[in-house]
Amino acid sequence: MVIILEMKTEGPSAWNKNYPVADGDRQSPIDILPHQARHDPNLGPIVLNYDRCTSINIANNGHSVVVEFEDSDDRSVIQGGPLDNPYRLKQFHFHWGGKGCHGSEHTVEGNSYASELHLVHWNAVKFKTFGEAASAPDGLAVLGIFLETGDEHRWLHMITDALYTVKFKGSVTDFKGFNPKCLLPSSLHYWTYLGSLTTPPLHESVTWIVVKEPMIVSEKQLGKFRTLVFTGEEEDERTRMENNFRPPQLLKGRTVRSSN
Ligand SMILES: NS(=O)(=O)c1ccc(NCc2ccco2)c([N+](=O)[O-])c1
Ligand SMILES: [Zn+2]
């Protein structure tokens, strides 16, 4: 009898083959231990100036669903907190689990949330392009928001209602007039630490700002993310898009700071 173990080689544990930085000193995500975080009174509040943000499209890039923004000027920026200058909003995307399973990237005392939203910003004061910023130690600032299941989120339907238009990898559709401020929880108290992109190329270029209070979404809304597939329309196998999260990485001596 022959047993063929078909192991997916491209999972997170294999990334260090092609991306040695996967074993680096400032990898993300991490498990956050609130009691070991250093409360830093000098950490001011996070300031989001999104009122003139311009969303462009929503896309399935084969890893997640992404909403892209116009980032040719400082119309939508994040500043304050640990940041020395404004960082421009470039895109946001989500990570989630399978049905009944949690899929956040960061965890808190070993506990994961149902999902995690990442709002990605880049330092256009110091760098000319996103690509250049994405490989610099102070190039990116990602605001992470946990999603927890409960009541329906009153605005998330604007995203979930559009997901059927981007079911397959490589699909893109117009998505104008969306302001992600409507997704944020009431408090922006946060933890912050120096980390990396959580998918290849895993560049150690991210100042992470993880908001403590989760946004609440319904199981039904979350289920709609699982109608997406990792594969292109022309491919015969339909691999449901879920569990697109990297597990927590070693802290390697880093300090996590806490706003008040
Ligand atoms: N989960 S995350 O926010 O850390 C993350 C990961 C990868 C990428 N992109 C992959 C990449 C960057 C440069 C070349 O290719 C992005 N992003 O682009 O916003 C975000
Ligand atoms: Zn992400």
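In nm, to one decimal, how far is the Asp161 label point from the Val47 one, both placed 7 Å along Cα→Cβ?
3.4 nm
Counting alpha carbon pairs within less than 8 Å and at least 6 residues apart, what relative contact order, in whole percent, applies to segment 8-125?
Relative contact order, segment 8-125: 23 percent.
Assign unit charges at the C-beta atoms only (+1 for Lys and Arg, -1 for Asp and Glu), then state the dipole size of the chain relative to its Cα centre in Debye, rounded to the nearest 20.
So the dipole magnitude of the chain works out to roughly 280 debye.
Hey, any idea what % of segment 1-107's accessible area is carbon plus sulfur with a 1.4 Å probe?
Using a 1.4 Å probe with all protein chains present, segment 1-107 comes out at 52 percent carbon and sulfur.
What is the chain by shape, rounded, prolate or oblate, if you read a ≥ b ≥ c off the alpha carbon gyration tensor as root eigenvalues and call it rounded for a/c under 1.5, prolate for a/b larger than b/c, and oblate otherwise?
The shape class here is rounded.
So what's the back-of-envelope 222 nm ellipticity for the chain, counting only DSSP H runs of four-plus at -39500 (n - 2.57) apiece and dividing by all residues, rounded to 500?
-1500 deg cm²/dmol
For the chain, what does the relative contact order come out to in percent, with C-alpha contacts under 8 Å and a separation of six or more?
27 percent
If you count only protein heavy atoms with a 1.4 Å probe, what accessible area per residue comes out for segment 37-125, rounded to a whole Å²?
Accessible surface, normalised per residue, equals 38 Å².
Tell me which of Trp208, Ser218, Gly170 sits at the most positive position along the dipole axis of segment 135-260, charges placed on C-beta atoms (Lys, Arg +1; Asp, Glu -1).
Trp208
Separation of segment 1-77 and segment 125-201 by C-alpha centroid, Å?
9 Å
What is the ratio of the Cα radius of gyration of segment 137-260 to 2.2 N^0.38 Å, where N is its residue count, to two decimals?
The value comes to 1.22.
Okay, which of segment 232-260 sit inside 18 Å, backbone N to the point 7 Å along the Cα-Cβ direction of Asn111?
Taking a point 7 Å out along Cα→Cβ of Asn111, the residues of segment 232-260 whose backbone N falls under 18 Å are 248.
Which of Lys90/Lys126; Lys169/Lys220; Lys99/Lys224; Lys99/Lys220 have a Cα-Cα distance over 18 Å?
Among Lys90/Lys126; Lys169/Lys220; Lys99/Lys224; Lys99/Lys220, the Cα-Cα distance tops 18 Å for Lys169/Lys220.
All other residues with a Cβ under 13 Å from the Cβ of Cys182 taken together, and with Lys, Arg as +1 and Asp, Glu as -1, what is their net charge?
+1
The values are calculated or read from the model by the stated rules, or taken from the named source; none is laboratory data. These figures come from a predicted structure and were not determined experimentally. Glycine gets a Cβ as well: all are built from the backbone with ideal geometry, and neighbour counts include every protein chain shown. Heavy atoms of the whole protein, side chains included, go into the accessibility calculation; ligands, DNA and RNA do not. Shrake-Rupley method; radii C 1.70, N 1.55, O 1.52, S 1.80 Å.
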